[in-house]
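Below is one structure, written out as structure tokens; the observations come after it.
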Amino acid sequence: MVKNLSILFILLFVTHHSFAKGYTPTDTLRKAPLWAAKKGPYRPTRALKNDILHTQLEMRFDWLRQHALGSATITFKPYFYPQKTLELDAKGFDIKGIFQLDTLTRIDSTTKQVVTEYINDPLEYTYDKRLLTIKLRRTYSRFDTLHVLIDYVAKPNELPVGVAGPKGDKGLYFINADGMDEGKPQQIWTQGETEYNSCWMPTVDSPNEKMTQDFRLTVENRFKTLSNGKLVESRINSDSTRTDRWVQRLPHAPYLAAFVVGDFAVARDTVRPGLELSYYVEPQYAPYAKAIFGRTREMIQFFEEKFGVEFQWEKYAQIAVRDFVAGAMENTSMTVHAENVQNDSRALLDGNSDDVIAHELMHHWFGNLVTCESWVHLPLNEAYANYSEYLWNEHKKGAEEADLWGHGELQQYLGESEQKQEPLIRYNYTDMEDMFDNHSYAKGGRVLHMLRKYVGDEAFFTASRNYLIRHGYGTAEINDLREAFEDVTGEDLNWFFNQWFLSPGHANLKVEKTWNDGKVTLKVSQLQDSTYTPIYRLPLKVDVWVNGQKNTHEIVVNRARQTFEFPAAQRPDLVDFDVEKQLLGEVDYEKTKPELIFQYGHCDKYLARYEAITRLEGQMIDSTVRHVMMSAMNDKFWKIRQLAISNFSEYDGLQFNEVERIIQSKARVDAHPRVRMEAVITLGSFGDNSNDPLFREALNDSSYQVVSAALDAYLIGKPDDAADVALRFENAPNSEIVTAVANYYAGLAKPDQYEWFMQKMSKLKSAEIYNFLQVFGKYLIRSNADVQRKALPMLETTARNHPAYFVRFGAYQVLGLLTDIEGVKAMRKDIRNAERDPQLKNMYGQVGDF
């Protein structure tokens, strides 16, 4: 699963980490960090009494009540020990009847064919709205295969207190069920991870269970359905409804079972005969479906070749739904995406969703084919899925794009590490949902990258392939992965897995360099608190540059204090530590200005050039630095160009005209839209822009991002035609442009523009509303009291009920601007107290009551 992509805004609440940040410990007694004390009980893998072999499910839907009417036939057998009961997870059901189905075989007198019939035998049961315990007719052994039928009603919106997850997860979601929300489609979709599919089907809701399935969904004929496996039958019923039968013939974990109902356009593709791809989007996005998802075919072929294991499932579908509670979910053979994956072809020029598409696809090997045996071992699923994003970027766009992505993941983990540091494999988590964090995802992916760098590409992908083959259609724990790598490399890798998977924290290094008597001396200190975090064994490479020539040295940092010496006939131009830039950690290593300038000019890795450019920021008074930065505006990689341009924001120093000329050229002709956007933003920082023709030119750029930046820069000066320009773009099909217009309208704060704000907000995707709310807050704070009061009901409803927690937070923030209005402080307090989502509750605690 991908966490919600819009979570990026939460980075506002974590400290920014520079490339070379470190810290110095004290020798005094320190209080244990809060995260070190927050431990839950030991979390064993669930013991299986019975093994669910197959689930046949017949389901209809009551849209008005938001109920699902189900009939589930569970085929199972005792796991090993004899059993006289069947225990099933079933959350909040109304049970209508339970029957044991015994088979009777006879010869039909007419057809003379063998016929198998079921004999229904009602069974006794006990039920506490969580666990359904069924008393079987007698005790059965592991050699018996049994069938139990359960008639029930699932009521996801009426789950008893404490049955839904901490975020209110309910497994089955009705969207716009009454059809009264104009502009929003009616949909039903499921979201089972971690253990929420038992909110709509009886099962053993645990990742170490595996089953096949046969789902028969009865819906109005105007709707399409999608589920796991293949559609084997679609039948029109006498009441004009339609029943679609989806059969999953290969076993998978119950949390990966899913279905979607709604009105969708479908585009199709194939990987090879027998493996169909399909892309389900809302009808208005039908022309762009292949542009959105069309690289999936190449991704499958790439991952198959890289890992040496074919895509195992019978089809692969991707579908975009409204108000999804995560970024995406890798249900077997059918990934569900949040609606923000849908974009028109022009928006796709600014960036696509390949990262999340690759992530969910990779789960079909790591997670769906081989499943973590418990949530303790979630990184076996998520670390590989996370790393697939690096691999795809590396393959499709090159190593620099991959390293840019990887550095972003490192920063996400380091930001989270200020609040908590946990082992990747957490046997003592407090809640299973806590596992879905930047440890399991971002840190996990970076650890796999270090493992790949250590053992080499051939060993890394061979061991990964062997792991998939050995445990395919089954489950695994972390030792299984370690053993797969040890079998290939012939090396005991406990040291690597113990320090990176089974211990908390990361490396904090201080590196000090001296040169004397023809040698370079590096003193390396590990500064992390070894009370909680190990002293790491770190195989690294060091480049010593002398007179423009490079010599590479391999070292192993494995002590708290260590000294390394390298020959150097003269003072080095640069000593580059961790040449591969693969270390998961923080490095405090001072470099002189000449060394950073040399580093930019001679090191080929993106992250080395990035370090040089970011650490030289703000030193443009130095002519050499200025020329390096001017040169960097033409770097081969777009991100370096963007950074160099941004470093000239509000610049008014020497060579200003030449600097401006270069940036103007970048704004007009650079190949990458983010570079053009940055150039427009930087030019906008130079002063009044209303008379600069470049900004009017940029309003016609092919990139929405560039147009948005140009609108902000142009309208801020309130030129004579500002109203006409705003009117031209106020109905643009892009949220960034609409938000730029909103920013201009917010400055005017005209009461008659209130309805425009409301109309635009109603049409935005969840991922877009947060930023728009911030601009709306600016509009309200400048508006009169009548307009402010008018907005309160909408803000309160959004802050309490919007499906996306970050949108609720945005509305709560805007209410914080209106606390002079009577009752708003009490309203915000009540909103805070009523919130169930632990992430949002934590955010409320961090920002306080402003």
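The values are calculated or read from the model by the stated rules, or taken from the named source; none is laboratory data. Quick caveat: nothing in here was measured; it's all calculated off a predicted structure. Backbone-built Cβ (ideal geometry, glycine too); neighbour counts: all protein chains shown.
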Original post:
How many of the residues in the stretch 563-577 are out of contact with any Gly (no Cβ under 9 Å at 6 or more places or on another chain) and either under 15 Å from Lys541 (Cα atoms) or crowded, with 18+ Cβ neighbours inside 10 Å (or both)?
Top reply: 9
Subject >> the stretch 629-651 - residue that is out of contact with any helix residue (DSSP H, G or I) (no Cβ under 7 Å at 6 or more places or on another chain) and either in a helix (DSSP H, G or I) or modelled with pLDDT under 95 (or both) and, of those, surrounded by the fewest Cβ atoms within 10 Å (Cβ to Cβ) >> reply: Glu650
**OP:** List the number of the failed condition for Lys396; all other conditions in (1) buried (at least 24 other Cβ atoms within 10 Å of the Cβ); (2) over 23 Å from Gly585 (Cβ atoms); (3) of a type outside the set (Phe, Trp, Tyr) hold.
**Re:** (1)
**OP:** Residue by residue through the stretch 384-436, note down the ones that are free of Cβ contacts under 8 Å to residues at least 24 places away in the same chain and either hydroxyl-bearing (Ser, Thr, Tyr) or closer than 30 Å to Tyr255 by Cα (or both).
**Re:** Gly408, Asp434
Subject >> Within the stretch 168-285, strands (runs of 3 or more DSSP E) holding 3 or more residues that are surrounded by fewer than 23 Cβ atoms within 10 Å (Cβ to Cβ) and charged (D, E, K, R) >> reply: 211-220, 230-236, 241-252, 265-272
Original post:
Which members of the stretch 453-478 meet the condition of being touching a residue at least 60 places away in the same chain (Cβ under 8 Å) and closer than 24 Å to His506 by Cβ?
Top reply: Lys453, Tyr454, Ser464, Glu477, Ile478
**OP:** Could you list all residues from the stretch 419-448 that are more than 26 Å from Asp169 (Cα to Cα) and either at pLDDT below 95 or of a type in the set (Gly, Ala, Ser) (or both)?
**Re:** Gly445
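Yes/no matrix, rows are residues, columns are (1) closer than 30 Å to Pro202 by Cα; (2) at pLDDT below 50; (3) in contact with a strand residue (DSSP E or B) (Cβ under 6 Å, 6 or more places away or on another chain):
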| position | (1), (2), (3) |
| --- | --- |
| Pro25 | no, yes, no |
| Pro33 | no, no, no |
| Ala37 | no, no, no |
| Pro44 | yes, no, no |
| Phe61 | yes, no, yes |
**OP:** Would you be able to say whether some residue in the stretch 218-233 is touching a Phe, Trp or Tyr at 6+ places or on another chain (Cβ under 7 Å) and free of Cβ contacts under 8 Å to residues at least 40 places away in the same chain?
**Re:** yes
**OP:** Please identify the pairs in which a residue from the stretch 643-661 that is within 19 Å of Ala713 (Cβ to Cβ) has its Cβ atom under 9 Å from the Cβ atom of a residue that is buried (at least 18 other Cβ atoms within 10 Å of the Cβ) and of a type in the set (Lys, Arg), counting only partners at least 6 apart or on another chain.
**Re:** Ile645/Lys666; Val659/Arg626
**OP:** Go through the stretch 244-284 residue by residue and tally those that are free of Cβ contacts under 8 Å to residues at least 40 places away in the same chain and either hydrophobic (A, V, I, L, M, F, W, C) or more than 28 Å from Gln342 (Cα to Cα) (or both).
**Re:** 4
**OP:** Tell me which residues, restricted to the stretch 457-493, are surrounded by fewer than 17 Cβ atoms within 10 Å (Cβ to Cβ) and either of a type in the set (Phe, Trp, Tyr) or touching a Ser or Thr at 6+ places or on another chain (Cβ under 9 Å) (or both).
**Re:** Tyr473, Gly474
Original post:
What is the number of the single condition among (1) surrounded by fewer than 18 Cβ atoms within 10 Å (Cβ to Cβ); (2) over 29 Å from the mean Cα position of the chain (by Cα); (3) closer than 29 Å to Glu418 by Cα that Lys510 does not meet?
Top reply: (1)
Original post:
Would you pick out the residues in the stretch 157-166 that are crowded, with 18+ Cβ neighbours inside 10 Å and either closer than 16 Å to Pro838 by Cβ or not assigned by TED's automatic domain parsing to the domain that holds Gly70 (or both)?
Top reply: Ala164, Gly165
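Residues are listed down the side, and each one gets a yes or a no for (1) farther than 24 Å from Phe637 by Cβ; (2) of a type outside the set (Phe, Trp, Tyr); (3) out of contact with any Gly (no Cβ under 9 Å at 6 or more places or on another chain); (4) in contact (Cβ under 8 Å) with a residue 12 or more places away in the chain:
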site: Arg674; (1), (2), (3), (4): no, yes, no, yes
site: Ser685; (1), (2), (3), (4): no, yes, yes, yes
site: Asn700; (1), (2), (3), (4): yes, yes, yes, no
site: Ala713; (1), (2), (3), (4): yes, yes, no, yes
site: Asp724; (1), (2), (3), (4): yes, yes, yes, no
site: Ser735; (1), (2), (3), (4): yes, yes, yes, yes
site: Val738; (1), (2), (3), (4): yes, yes, yes, yes
site: Tyr745; (1), (2), (3), (4): yes, no, yes, yes
Subject >> Only one of Ala709, Ala713 that is part of a helix (DSSP H, G or I), modelled with pLDDT under 95 and either aliphatic (A, V, I, L, M) or at positive phi (or both) >> reply: Ala713
**OP:** Mind listing whichever residues of the stretch 796-829 are part of a helix (DSSP H, G or I) and loosely packed, with under 13 Cβ neighbours inside 10 Å?
**Re:** Thr797, Asn801, Ala826, Lys829
